[in-house]
6 protein chains.
Amino acid sequence: MSDTWLPTLITESPEAGYQLAIKMSRMGVKYTQPSAEAREKLRPKYAESADSLIAVSHVVAVNFQTVAAANNYWKA
Amino acid sequence: MSDTWLPTLITESPEAGYQLAIKMSRMGVKYTQPSAEAREKLRPKYAESADSLIAVSHVVAVNFQTVAAANNYWKA
Amino acid sequence: MSDTWLPTLITESPEAGYQLAIKMSRMGVKYTQPSAEAREKLRPKYAESADSLIAVSHVVAVNFQTVAAANNYWKA
Amino acid sequence: MSDTWLPTLITESPEAGYQLAIKMSRMGVKYTQPSAEAREKLRPKYAESADSLIAVSHVVAVNFQTVAAANNYWKA
Amino acid sequence: MSDTWLPTLITESPEAGYQLAIKMSRMGVKYTQPSAEAREKLRPKYAESADSLIAVSHVVAVNFQTVAAANNYWKA
Amino acid sequence: MSDTWLPTLITESPEAGYQLAIKMSRMGVKYTQPSAEAREKLRPKYAESADSLIAVSHVVAVNFQTVAAANNYWKA
């Protein structure tokens, strides 16, 4: 894992911030299960489970709170 | 997914903010399961599960915290 | 659903704020499962499940955080 | 339920604030399951389930965040 | 339970704050299940369950947010 | 456990802060299950469970909120 996947929390727009929140959520998984193969095997399971998808959206929401605060909510 | 689904966190009213929080919660699912067909198949399951519905409401609550803070709680 | 269920986050007292948080938590469910009949069918299940009731209280707590901050914690 | 169970979020000490957070967490359950008898029946179940007890502690932690912020963390 | 288990949220260091967050998380359980014997019986179960341990760490994280804010993040 | 695993919440970069959040999340587990052997036994289970991995990422997200706030979001 490169040392530069998270150089800053500042993004140009709310949507870019949301994308960063997704990335952060995925990295939380990646650090615990570093094998891409193992993660790939799990994908069909959580991508077809409503509860897993809701849980993923929850983690993204928490990370987005952090990114949004860092960007002062993209207010001018 | 258009690059413009989240142009701003600012909304005209608390209720519009709540609607945005719902949209954000759904996008968190959509990014992980991009197939509309797959998501549609899951709907009967979570729409008839009390625990799934509570979990959805939880994610909306977290996103609404962010939107509400961005709008300074719609205080004049 | 009327466009006016959430006209403001400001309430007269902490308790009224808590009531609003409950309403917000229920609306999160209502938007996902709009059928009153379907929701009514789920009630016996979650109302008699300790874990569901705890989960409901959790969502209310998150929404109450938002309402309380909006009201500056009802400090004079 | 009396209209006065939550007259204020201000408490004299952190510990009194923690007690209030517990009360708030229980009221979240009470509003959804108003029958004392039904709640009493659930008690043996969650009081002997590690996961339920952890979930209760989680809700208390969220409510305590609100109470602590309201009291400016009891800093002089 | 003594009236003095939480005299203050202020700690000398981040680590002492983390220890306090653990204590708070345990007290949330203790207030709901006051019997030490009952809690002891549950220990083998959650201490050997990955999901329970993750849930415990989650509660500690929430309480640590409160303690850290109270201490202004231990910034000089 | 050394008394110095958390000397400060301040880090040089967002990524170092994310690493600290991971460490904090693991310590929450370690304090509850101090046996390295027991923890090691659990690893295959949670590392191959999508829901466990999502839950881990959730805890990291909460801890990262704290670390990010402590660092004023690494804004100059």
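Can you give the log10 of the normalised intensity I(q)/I(0) at q = 0.16, 0.28 Å⁻¹, computed with Debye over equal Cα scatterers of region C:14-74?
Computed log10 I(q)/I(0) values: -0.56, -1.14.
Rounded to the nearest 500 deg cm²/dmol, what is the calculated helix-only ellipticity per residue at 222 nm for chain B, with -39500 (n - 2.57) per DSSP H run of length n ≥ 4?
Details: 3 runs with 52 residues, N = 76.
The per-residue figure over chain B is -23000 deg cm²/dmol.
As an exercise, identify the chymotrypsin sites (Phe, Trp or Tyr not before Pro) in region A:1-74 lying in DSSP coil whose Cβ has no more than 16 other Cβ atoms within 10 Å.
Within region A:1-74, the qualifying chymotrypsin sites (Phe, Trp or Tyr not before Pro) (loop, at most 16 other Cβ atoms within 10 Å) are A:W5.
If you count, for every residue in C:37-47, the Cβ atoms of partner chains within 10 Å of its Cβ, what is the mean?
4
Any idea what diffusion coefficient the protein assembly as shown gets from Stokes-Einstein, in µm²/s, Kirkwood Rh on alpha carbon pairs, 25 °C, 0.890 mPa s?
Rounded, D is 110 µm²/s.
Taking each label point as 7 Å beyond Cα in the direction of the beta carbon, state the distances from C:K75 to the same residue in the other copies, shortest first, in nm.
The answer, with the shortest distance listed first, is 1.1, 1.1, 1.8, 1.8, 2.1 nm.
For chain A, which trypsin sites (Lys or Arg not before Pro) pass both filters: DSSP loop (anything but H, G, I, E, B) and at most 13 other C-beta atoms within 10 Å?
Answer by residue number: A:K75.
Between chain F and region A:41-65, what is the C-alpha centre distance in whole Å?
First find each Cα centre; the distance between them is then 19 Å.
Between the label point of F:K23 and that of the same position in each other copy, find the distances and list them shortest first in nm, with every label point placed 7 Å from Cα along the Cα-to-C-beta direction.
2.4, 2.4, 4.1, 4.1, 4.7
Report, in order of residue number, the helices in chain B meeting two criteria: a C-alpha extent of 15 Å or more along the helix axis, and a mean Kyte-Doolittle hydropathy of at least -0.5; treat each whole DSSP H run as one helix.
Once both thresholds are applied, what remains is B:14-32, B:50-70.
From Cα pairs below 8 angstrom and at least 6 apart in sequence, can you work out the relative contact order of chain C, rounded to a whole percent? Could the numbers behind the result be given before it?
On the way: 43 pairs, mean separation 38.7, N = 76.
Taking the mean separation of contacting Cα pairs over the length of chain C, I get 51 percent.
Grab the beta carbon distance between C:E37 and B:E40, set R0 = 22 Å, and tell me the FRET efficiency rounded to 0.05.
Values: r = 21 Å, r/R0 = 0.96.
My answer for the efficiency is 0.55.
Taken together, the values in this text are just the output of simple stated rules run on the coordinates, not laboratory data. Just so it is clear, the model here is predicted, and its values are computed rather than measured. Positions of Cβ are generated from backbone atoms using ideal geometry, with glycine treated the same way; all protein chains shown enter the neighbour counts.
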